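The values are calculated or read from the model by the stated rules, or taken from the named source; none is laboratory data. Computed from a predicted model, the values in this text were never measured in an experiment. Neighbour counts are summed over all protein chains in view; Cβ atoms, including those assigned to glycine, are modelled from backbone coordinates with ideal geometry. Just so you know, the surface numbers come from the protein's heavy atoms only, side chains and all, with ligands and any DNA or RNA stripped out. Shrake-Rupley method; radii C 1.70, N 1.55, O 1.52, S 1.80 Å.
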Amino acid sequence: MKQLGVLFQKEWRENLRNYKIFWIPAVFILFGIMEPVTNYFLPQILDSVGNLPDGAVIEIPPPEPAQILAAVLGNIN
């Protein structure tokens, strides 16, 4: 068990020195914030860069909060 403690301390120290302790949660928070915003603006994004023919219409219903939460949690896994 002593070896496990030494290995844990080494990894923890390395993560602190490389600032991974701060960057990894920041990236997850950023992705968690960006996903609902991207889903909300997805129809406008598709209209502006979709290169669809003139008669094509894409209707995406606004996502419900439960769907957004499930998508965010699914991406974190």
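For the reader, a short list of remarks on this structure follows.
- For the pair E11 and V49, the difference between a 0.36 nm per residue extended length and the Cα-Cα distance amounts to 9.2 nm.
- Computed from Cα positions, the angle between helix 65-76 and the longest principal axis of the chain comes to roughly 50 degrees.
- Full extension of the segment from A56 to N18, taken as 0.36 nm per residue of separation minus the current Cα-Cα distance, would add 8.7 nm.
- Counting only alpha carbon atoms, the long axis of helix 20-49 and the longest principal axis of the chain meet at about 10°.
- Dipole moment magnitude, nearest 20 debye, the chain about Cα centre, only Lys, Arg, Asp, Glu C-beta charged: 880 debye
- Take the chain with all the other protein chains still there, run a 1.4 Å probe, and you get 91 Å² of accessible area per residue.
- Carbon + sulfur, % of accessible area of the chain - ligands and nucleic acids excluded, 1.4 Å: 66 percent
- Mean residue ellipticity at 222 nm, helices only, the chain: -26000 deg cm²/dmol; runs of at least 4 DSSP H residues each add -39,500 (n - 2.57), and the sum is divided by the number of residues.
- Among V37, L16, M1 - extreme Cα towards positive end, dipole of the stretch 1-42, charges at beta-carbon: M1
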